[in-house]
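Engineer: Dropping the structure in here first, questions after.
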Amino acid sequence: MKNPEHPFRFVTVSYLTRIGNQSATTLSELRDGLEKCSDASVFYHTFQSLGRYHFLTEGFSNDFAQWVLAGLNCPMLAEQLAAPDIRGYLTLSDMRTDLLRITDEYCRSHPEEVDRLAFEPFHFLESIEVTIPQTWEAWTLEEFRHWLEHLSNESFHYHFLVSRLRLGLRTNDFSVWFENELGLQPLAQLTNRIDVYTNTLEGARAKLYTFIDRELAA
Amino acid sequence: MTLTQSDAHLMSLDAYVPLLGAPEIDELRALAAQLSGRTVQMVNSTAMGGGVAEILNRLIPLIQELGLRPRWDVITGGEDFFEVTKAFHNALHGGPYHARKENFDLFLATNEMNRQRLQFDSEFTVIHDPQPVALIEARSWHQGHWIWRCHIDLSNPNPEVWSFLRPFVYRYDGALFSSPEFARQLPIPQYLSFPCIDPLSEKNVELHPECIKEVLERFGIDPARPIVTQISRFDRLKDPIGVVRAYQIVRRYMDCQLVLAGGSASDDPEGEIVLEEVRREAKDDPDIHLLNLPPWSALEINALQRASTVIVQKSLREGFGLTVTEALWKKKPVVASAVGGIPAQVIHKHTGLLAHSVEGTAYQIRFLLSNPALAHKLGEQGHDHVRENFLITTNVKRYLTIFLHSLSQS
């Protein structure tokens, strides 16, 4: 393990949810909304919904898929919309493109469902992010582990998942610091492979503790 | 009314650590540190009774503990003013109403009287609900940040009343709504702010099993058999008769008891009529318990919810539905109608089950009674959902976030 040149700087994050003036009551309106909504809205309904509902580890991926299932009773489309893994996306526009493509293909093959009214409307919402640098920082792996315990789930999600959009890389803040500052490439890779779809955020964090403890004991 | 010794007995933030974990509370402190010493003024129309006063009673001490300088003012007005605002309230919910000019004049005069009586010099002013909305007149040119917190459903307002109130709303920096369903298209930013419950209040705090048993015995409810419960006023919009009919369908297949427990109907003539209708529908079934509880029954409601096998909220129309929040917090499987704020809480098949009819409600109750493991899982996930989104601490966080966001925009 090498000595870092830069510490890991923890951030506290909090989100405001802005109510847009867009909603959908049919599949066709969802499709239009997906095309026109802001990036902040795509973020809210995909990246952030995974954090908001992190305690659901089965069958819940994003708000679009959930609404298509519960509001429109289209399980096939719901499964397809749930499939894109947010870890595979470095920009929200790529995510939007894929969600649109899936919806378009379904609408083409199921025209009879396109204008069917949903049980309840889908409201396009947006995230507004407020970040505050924490007063504490980590210069060693021991310190990192200590301060990680002080991080809320929302801030953990910010460093672990939202960081992809900020970094523009298929990695996260923790892995970047492990690899670049501590020279711990295997730990960085293990961390990046933690599955947030089948783990709660507490579960993901517990896995990270295990990896760090193993590294510290080595 | 400013924060006084009457609040001293309330729980401090540290009391929430065992329920939420230290990081969540530490994070509130980190956010609040950026706002230390900032002044906040909350204004509403009642100091006691009603959900808003209940929330402010908890919110203000917590914000103060976090180092901000909050103040809570309650507007005053004559009975005639509150009759007008009650009529506005019903009209904003979509009820028919023909307002007269003198109603609007009285509304404005009372707001003006309060504007002169109260001091408005805080950095953040939060005006709750329509009654004091015209206090925005007190704002000097772009002074401070003014937010309108609307706790009611504005999705289908009476056009006459809304046209009157709208120009005042437009002058705020932003508006907070309890659900996207309740918002309107406005030229100012609108934010989502869910209502909340206090997990340490008498209605939600953990109870000793003996206490629960005592309450069941008092009401003649058998703790050994499944209990299906709906907690709500005896109000047609809560569809108590629909609940009885759903229960009657369930009873064709399995044994259970029904508890319908609501607030006192003594001052509500329609409530008495509805209760009588429900009694007729119940047809002397000894397993249907109709409990007309007085307003100070928080502990009894807590015990009934905790003793229940399944909790139902079969409303035809609903605000946010805090009885659902309370049930989910107690890890109970919930069957509820997809109306108002309920779908935000009951994520179908994840944190509960949604239904759209008497038959659907009956089916979902049967399903949960027959699948206790799944019911348990829904209850657990419902509890987590409330912990993340609908507790008083989340409400504090949302206010801190909107204050920080407002500062960043100025």
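Engineer: Which residues, counting only those in the stretch B:1-18, are at pLDDT 85 or above and surrounded by fewer than 16 Cβ atoms within 10 Å (Cβ to Cβ)?
Structural biologist: Those that are at pLDDT 85 or above and surrounded by fewer than 16 Cβ atoms within 10 Å (Cβ to Cβ): B:12, B:14, B:15, B:17, B:18.
Engineer: Can you go through A:125, A:117, A:92 and tell me which one is within 17 Å of the chain's Cα centre (by Cα), of a type in the set (A, V, I, L, M), farther than 21 Å from residue B:28 by Cα and within 14 Å of chain B (Cβ to nearest Cβ)?
Structural biologist: A:125
Engineer: Within 17 Å of residue B:345 (Cα to Cα), aliphatic (A, V, I, L, M) and in contact (Cβ under 8 Å) with a residue 60 or more places away in the chain: does that describe residue B:391?
Structural biologist: So residue B:391 fits the description; yes.
Engineer: In the set B:221, B:136, B:212, which member is within 30 Å of residue B:20 (Cβ to Cβ) and more than 14 Å from chain A (Cβ to nearest Cβ)?
Structural biologist: B:212
Engineer: Consider residue B:166 carefully, then state whether it is part of a helix (DSSP H, G or I) and among the basic types (Lys, Arg). Give the derivation first.
Structural biologist: Numbers: part of a helix (DSSP H, G or I): yes; among the basic types (Lys, Arg): yes.
Answer is yes for this residue.
Engineer: Turning to a different aspect of this structure: Out of the residues in the stretch B:145-163 that are assigned to a loop (DSSP other than H, G, I, E, B) and out of contact with any Phe, Trp or Tyr (no Cβ under 6 Å at 6 or more places or on another chain), which is nearest to the other protein chains (Cβ to nearest Cβ)?
Structural biologist: Step one: filter the stretch B:145-163 for residues assigned to a loop (DSSP other than H, G, I, E, B), giving B:151-158.
Next, only the ones that are out of contact with any Phe, Trp or Tyr (no Cβ under 6 Å at 6 or more places or on another chain) stay: B:151-152, B:156-157.
Details: B:151: 15, B:152: 15, B:156: 13, B:157: 16 Å.
That would be B:156.
Engineer: Another one. Can you give me the number of residues within the stretch A:11-44 that are of a type outside the set (A, V, I, L, M, F, W, C), in contact with a helix residue (DSSP H, G or I) (Cβ under 6 Å, 6 or more places away or on another chain) and within 12 Å of another protein chain (Cβ to nearest Cβ)?
Structural biologist: 3
Engineer: Identify all residues within the stretch B:186-217 that are in contact with a Gly (Cβ under 8 Å, 6 or more places away or on another chain), of a type outside the set (Phe, Trp, Tyr) and in a loop (DSSP other than H, G, I, E, B); write none if there are none.
Structural biologist: At the first step, the residues of the stretch B:186-217 found to be in contact with a Gly (Cβ under 8 Å, 6 or more places away or on another chain) are B:188-191, B:194-195.
With of a type outside the set (Phe, Trp, Tyr) added as a condition, the list becomes B:188-190, B:195.
Residues satisfying the conditions are B:188, B:189, B:195.
Engineer: Being under 22 Å from residue B:237 (Cα atoms), in the same structural domain as residue B:217 (by TED's automatic domain parsing) and over 22 Å from the mean Cα position of the chain (by Cα): is that true of residue B:327 here?
Structural biologist: no
Engineer: How many residues are part of a helix (DSSP H, G or I) and either touching a strand residue (DSSP E or B) at 6+ places or on another chain (Cβ under 6 Å) or within 12 Å of chain B (Cβ to nearest Cβ) (or both) when one looks only at the stretch A:46-64? Show your work before the answer.
Structural biologist: Here is the first cut: in the stretch A:46-64, the ones part of a helix (DSSP H, G or I) are A:46-52, A:63-64.
Next, only the ones that are either touching a strand residue (DSSP E or B) at 6+ places or on another chain (Cβ under 6 Å) or within 12 Å of chain B (Cβ to nearest Cβ) (or both) stay: A:48-49, A:51-52, A:63.
Within the stretch A:46-64, residues that are part of a helix (DSSP H, G or I) and either touching a strand residue (DSSP E or B) at 6+ places or on another chain (Cβ under 6 Å) or within 12 Å of chain B (Cβ to nearest Cβ) (or both) number 5.
Engineer: Does the stretch A:120-129 contain at least one residue that is assigned to a strand (DSSP E or B), within 30 Å of residue A:69 (Cα to Cα) and aromatic (Phe, Trp, Tyr)?
Structural biologist: Checked the stretch A:120-129: at least one residue is assigned to a strand (DSSP E or B), within 30 Å of residue A:69 (Cα to Cα) and aromatic (Phe, Trp, Tyr).
The values are calculated or read from the model by the stated rules, or taken from the named source; none is laboratory data. Quick caveat, the model's predicted, so the values are computed rather than measured. Positions of Cβ are generated from backbone atoms using ideal geometry, with glycine treated the same way; all protein chains shown enter the neighbour counts.
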